[in-house]
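To start, the structure under review is shown below, and the notes come after it.
Taken together, the values in this text are just the output of simple stated rules run on the coordinates, not laboratory data. Everything quoted here is computed from the prediction, not taken from an experiment. For neighbour counting, all protein chains shown are included, and Cβ atoms are generated from backbone atoms with ideal geometry for every residue, glycine included.
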Amino acid sequence: MPTTPFDGQKPGTSGLRKKVKVFQQPGYAENFIQSVFDVVEKGEAATLVLGGDGRFHNRTVIQQAIRMAAANGYARVLVGQGGILSTPAASHVIRKYKASGGLVLSASHNPGGPDEDFGIKYNIANGGPAPEGVTGAIHARTQEIDRWLTIEAEDVDLDTVGIVEVGDMNVQIIDPVADYADLMEDLFDFAAIRKIVASGFTMRFDAMSAVTGPYAKEILEGRLGFAEGTVVNGTPLEDFGGHHPDPNLIHAKDLYELMMGEGAPDLGAASDGDGDRNLIIGRGRFITPSDSLAMLAANIECAPAYKGRLTGIARSMPTSAAADRVAEALGVPAFETPTGWKFFGNLLDAGMATICGEESAGTGSDHVREKDGLWAVLLWLNILAVREISVDDLAKAHWARFGRNYYARHDYEGIEKEGADALMAALMDELEALPGQEFGDLVVGEADSFSYTDPVDGSVSANQGIRILFVGGSRVVFRLSGTGTAGATLRVYLENYVPPSGDLDAETGAMLKAQIDAAEAVAGIARFTGRTAPDVIT
Ligand code: VG1
Ligand code: CO
């Protein structure tokens with residue numbers, strides 16, 4: 001089919017994300033998918049994995065992609081039944097069946113529905129998001145594309161597991177849950193978890209009407225013996241029931257209130273639209289994602305598959321330094337990467353890091369090449385079962401040993417792009433003059449624009465966020481989001497370290513007051529954005 005380029009088909013932090021209406025323009029998705037097929041390595045008799053989080057428009061794009069894959073010479077396509085594959089399950093399927101790559105259809109935690117968001121991401125043969133070299137080539141191709149390839153064929157029945165032929169290509173509709181659930185059973189001590197469940201340990205898992213429902217029901221209720229009803233909002237809906245499937249204290253407020261109230265279960269957890277994020281709340285105790293990474297790393301020996309093989313811990317730059325302290329104590333290297341899971345791929349492939357995490361509720365390991373929501377929940381369960389400890393007691397013991405990194409992220413959403421760009425530009429101009437300046441009691445030690453050199457392939461990613469590091473170890477980081485679909489989102493990351501001798505059980509807002517004030521004074525958030533308070537605090 002002849003075509004002309006669309007502007008703006010540039011993959012962001014995690015693939016191409018746009019409004020559904022944008023994707024519904026004739027040729028829009030086709031141009032992008034063809035650009036992927038034109039630039040990625042396929043080799044002989046290639047297999048492509050195809051699946052998404054089940055949001056509105058998922059099935060339409062899957063049918064298009066099947067015909068296009070046939071026309072582009074793929075030998076086989078593996079599709080999750082119903083068009084469903086969580087992001088970590090897709091990563092596992094790519095690896096297990098030695099596919100050359102996969103298309104993951106998702107806009108993650110963004111809302112779904114005819115007026116909401118859609119997304120397409122390409123993952124490479126290691127199961128992970130395409131690195132910047134590949135996404136750059138895809139983008140370049142979208143700007144010169146003049147045709148896309150398809151064949152004439154009927155829609156495939158996505159709901160029946162089995163094999164059909166489309167053109168010369170083999171299409172296998174696979175059970176989206178089974179392979180993933182088996183992998184989880186290989187990694188963790190299910191017997192130990194079953195034992196605490198039998199002796200009365202309870203949990204609630206909120207699937208937020210998104211992709212993890214079937215996975216959580218099979219694993220938690222089916223294989224681990226949690227009571228029926230442990231998984232709530234467990235049926236994937238095309239519009240996620242009208243909610244943001246974003247597992248944080250705002251969008252999973254019901255879960256938070258349950259966990260803070262009388263009669264809370266032992267563990268509360270949730271995942272996002274595509275199943276790669278996690279929220280962990282113990283009875284009366286929310287665990288920040290940064291702390292979760294540190295606590296999981298410190299206790300990873302409890303899980304059979306990780307015994308004696310922790311080689312390193314990686315975190316994204318805005319994630320708190322809590323994990324670094326664990327790495328130091330365990331004598332393994334700590335890595336600091338830019339935001340986005342694609343930057344962990346090389347470290348995991350090279351065996352340099354075993355566990356990785358982001359402050360945005362993403363945690364994962366070398367079992368796949370994506371962050372993995374249910375994996376994190378199961379590792380928590382495994383640790384709690386082996387150590388016979390509550391979430392709250394585990395957190396307190398952790399802080400008593402390592403100190404506590406009080407942490408929050410303030411998001412200013414849907415602000416005007418000009419204001420956001422001007423704020424970042426003004427910060428850049430200020431950087432050199434900042435060291436030594438005082439903001440209240442805080443003195444700037446260093447200030448820079450974060451640049452990352454990949455230790456494996458030497459590639460450099462510059463301008464990954466502005467860091468203001470204060471004397472004494474507290475910090476403010478500024479970044480613009482790369483996943484939004486409307487206007488700009490400013491993220492302000494705030495961190496204050498308190499040593500074991502300090503106040504380890506204070507209120508986070510109070511502990512970050514000085515950093516919040518300094519952020520406003522340094523960046524002029526109100527002046528540039530017209531906002532005096534963040535929209536979301538996580
Ligand atoms: C956000 C998070 C980042 C995460 C990305 C994709 O990106 O900050 O940590 O990797 O989303 O997560 P940004 O550019 O908006 O800050 V997901 O669950 O959307 O695949
Ligand atoms: Co996600």
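Placing +1 on the Cβ of every Lys and Arg and -1 on the Cβ of every Asp and Glu, with nothing else charged, gives the chain a dipole about its Cα centre of roughly 540 debye. Restricting the calculation to alpha carbons of the chain gives Rg and Dmax of 22.7, 70 angstrom.
Across the stretch 178-195, computed HN-Hα scalar couplings (Karplus, 6.51 cos²θ - 1.76 cosθ + 1.60, θ = phi - 60°) run 4, 4, 5, 4, 4, 4, 4, 5, 5, 7, 10, 7, 5, 4, 5, 5, 4, 5 Hz from first to last residue, x flagging Gly and Pro.
Farthest toward the positive end of the dipole of the chain, out of T354, G54, G27, is the Cα of T354, where the dipole comes from beta carbon charges about the Cα centre.
Could you tally the net charge around T453, taking each other residue with its Cβ under 13 Å from the Cβ of T453, Lys/Arg +1 and Asp/Glu -1?
With Lys, Arg at +1 and Asp, Glu at -1, the net is -4.
Computed packing ranks the peptides 335-345, 109-119, 389-399 as 335-345, 109-119, 389-399, most packed first, by mean other Cβ atoms within 10 Å. Compared with the direct C-alpha span, the chain from K417 to D254 gains 55.4 nm at full extension, assuming 0.36 nm per residue.
Each Lys or Arg adds one and each Asp or Glu takes one away; over the other residues whose Cβ falls under 12 Å from the Cβ of L431, this sums to -4. Each peptide in 410-417, 64-71 was scored by the mean count of other Cβ atoms within 10 Å over its residues; highest first, the order is 64-71, 410-417.
Post the alpha-carbon centroid distance, the stretch 459-524 to the stretch 253-332, in whole angstrom. Measuring centre to centre over Cα atoms gives 20 Å. Can you check what the net charge comes to around G128, using other residues whose Cβ is under 15 Å from the Cβ of G128 (Lys, Arg +1; Asp, Glu -1)? Combined, the nearby Lys, Arg, Asp and Glu give -4.
Of all lysines in the structure, the ones whose alpha carbon falls short of 26 Å from that of K195, not counting any fewer than 8 places away in one chain, are K217, K307, K396.
Ordered by packing density, taken as the mean number of other Cβ atoms within 10 Å over each peptide's residues, highest first, how do 11-20, 454-463 rank?
Most protected by this proxy first, the peptides run 11-20, 454-463.
Where a Cα-Cα gap under 16 Å defines reach, which aspartates and glutamates qualify for K10, not counting those fewer than 8 residues away within the same chain? Answer for K10, where 16 Å is the Cα cut-off: E30, D38, D117, E132, E144, listed by chain and number.
The slack in the chain from T4 to E228, taken as 0.36 nm per residue of separation less the alpha-carbon distance, amounts to 75.4 nm. From the alpha carbon centroid of the stretch 126-197 to that of the stretch 203-237 is 22 Å.
Taking a straight line from the alpha carbon of K98, these lysines sit under 23 Å away, with near neighbours fewer than eight places off in the same chain left out: K42, K121, K342, K371.
When only Cα pairs below 8 angstrom with a gap of at least 6 residues are kept, the chain shows a relative contact order of 13 percent. Here the gap between Q143 and E185, fully extended at 0.36 nm per residue and compared with their Cα-Cα distance, gives a gain of 10.7 nm.
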